1. (1) at pLDDT 95 or above; (2) touching a strand residue (DSSP E or B) at 6+ places or on another chain (Cβ under 7 Å): which one isn't true of Ser257, the others all being true?
2. Which of the residues spanning region 67-77 are modelled with pLDDT of 85 or more and in contact with a Leu (Cβ under 6 Å, 6 or more places away or on another chain)?
3. I want to confirm something. Restricting to region 88-102 and keeping residues that are of a type outside the set (Gly, Ala, Ser) and out of contact with any strand residue (DSSP E or B) (no Cβ under 8 Å at 6 or more places or on another chain), which single residue is modelled with the highest pLDDT?
4. Give region 141-199 a look and list any residue that's surrounded by 21 or more Cβ atoms within 10 Å (Cβ to Cβ), of a type in the set (A, V, I, L, M) and closer than 20 Å to Arg259 by Cα, or say none.
5. Residues in region 208-223 that are surrounded by 14 or more Cβ atoms within 10 Å (Cβ to Cβ) and outside any loop (DSSP other than H, G, I, E, B): how many?
6. Return yes when Thr36 is over 24 Å from Ser414 (Cβ atoms) and hydroxyl-bearing (Ser, Thr, Tyr) and no when it is not.
7. Of all helices (runs of 4 or more DSSP H) completely enclosed by region 230-297, which ones contain at least 2 residues that are closer than 23 Å to Thr360 by Cα, within 16 Å of the chain's Cα centre (by Cα) and outside the structural domain of Ser41 (by TED's automatic domain parsing)?
Amino acid sequence: MHMIFDVKREDLRHKSRLVIGGHLIDSSKHSTYSSTVQDISIRLLQLVALHNKLNVMTGDISNAFCTAPVAEQIHARAGPEFGNQEGCILVLKRALYGLKTASQSFHEFFGNCLLQLGFSPTRANPDLWYRKSDDYEGYDYIATHVDNIIIAAKRPAKYMSQIEQQFNVCNKEDLPSYYIGNSYKRDDKGNIIHVSSTKYIKEVLRQFAKQHGEVQKQSIPMRTTEHPETDQSPHLNAEEIQQFQHIIGVCQWLVVSGRFDINYAVSSLSRFSIAPRKRHLELAREIMGYLRKHPKRGYWINPLPPNTPSDYEVIAIKEDFGYQYSYFQEEIDPRFPTPLSSELEITIFIDADHGHDKVTGRSITGLLGFVGSTPVIWSSKRQSSIQTSTFGAESTALKKAVEEATTIRYYLRSMGVKVEKPTPIYVDNMSVVLNASNPGSTLNKKAIALSYHYTREHVANNVIEIRKIESEQNYSDPMTKALNSTNLHGFFHEIQSN
């Protein structure tokens, strides 16, 4: 056994743990998988809590793994610290850190505790739990991220005290200001919450400056003229590669935690992590410079309906598809809880930049999805195949949007939130709107048949609505290309400003 000292990446706390040599133990006959709550679940949990006026409480379980029974058979010989029992054979009873099964053992152990409290895992995420509330006509929730717990309920302290009967809980916080790497700040009325990674960003920049020199402030994460795929500057040496990979790793985590304004720039550079070039490192440092200038940006958790474009009504298409897609029905899991929470607006913005990659010819799909006025999903990614037309690239992107819409609807229903209205999907290509929404349109490009029919069957059955807007109103546009300072900040000012 060894004592290990480390700094937690999420909140930069110093930790020390007694760790056993799990790599010396055969655990092949045991399950080692242990899930953690997904980021979208935390955003939806906070959103539903605000929507239903629930109180939120967080805490950490101290020495979590050591509370669970060990899965493997592990023996040791007692040392001199055991006094007159020195030399006796010891049998390990608890899952120490370092064992490959320790996380899974605690996951199951704590899950059984929540089951005893009357909670059930949601269908969408086994680490987001719910139960019918005793205090109002709705549900209470608990989410678990290894040993970090967050409770949303009318009386969360009631559940926390029940958990404390079996576990030692530290860092308890009502109206939490920090949770898993994100800082939370409520507005004056407590109606909305601003989420950011400011604390983490400032510490990362401080450490980076100490090791690699301070970065210059930048107004945008990537210049509009940059195409990293065409760069032919010299390859980096081993030390420089490590610096590049460190920046990309930090930025990828920041994208996940809420900095979607750097998503396109990070996605453009991350594909070169194995063999980056000199210019790639310069561009990566510019992203750090942008974070230095804008460390406080994040997003608002706000259940109110979003400010969406209104001029689409002039060209919105609502026609009857008749029997064309009569076989299709939206899948409703029979094990969903009874919907007791009123409906929240779901809105998706999707865009594609045709042939963006100058080397491969592949297009970029950009997506930003809201529940209420809260961004809950975002992505910037190259499409998996080449599309020979703008229509093909936009149709492929639209299929991705439909998939994400059905995912969000599934998540909300699994939390007992009513979902009845069709989800509007905003695009800036009229041909896509017509082909997806008009029963009389025909498929002339068989290469995109899957996207075509998948989208239309969801339109025909009122799961989604396709709406045409201008590019200047499309929040997903910055996820497909580098924009100048005016356009980039214009898109994200209302969503991200603190």
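1. It is condition (1) that Ser257 fails.
2. Val70, the sole residue that qualifies.
3. In this case the residue turns out to be Thr101.
4. Ile193, Val195
5. The qualifying residues number 2.
6. Values: over 24 Å from Ser414 (Cβ atoms): no; hydroxyl-bearing (Ser, Thr, Tyr): yes.
No; evaluated as a whole, the condition is false for this residue.
7. Values: elements: 238-257, 263-270, 278-293.
In region 230-297, the matching helices (runs of 4 or more DSSP H) lie at 263-270.
So that you can scan it fast, the table gives a plain yes or no per residue for (1) assigned to a helix (DSSP H, G or I); (2) basic (Lys, Arg); (3) free of Cβ contacts under 8 Å to residues at least 24 places away in the same chain:
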site: Phe65; (1), (2), (3): yes, no, no
site: Glu72; (1), (2), (3): no, no, no
site: Ala76; (1), (2), (3): no, no, yes
site: Gly83; (1), (2), (3): yes, no, yes
site: Leu90; (1), (2), (3): no, no, yes
site: Lys100; (1), (2), (3): no, yes, no
site: Ser103; (1), (2), (3): yes, no, no
site: Glu108; (1), (2), (3): yes, no, no
site: Leu115; (1), (2), (3): yes, no, yes
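The values are calculated or read from the model by the stated rules, or taken from the named source; none is laboratory data. Keep in mind the model is a prediction, meaning the values are calculated, not measured. When we count neighbours, we look across all protein chains shown, and the Cβ atoms used for this are built from the backbone with ideal geometry, even at glycine.
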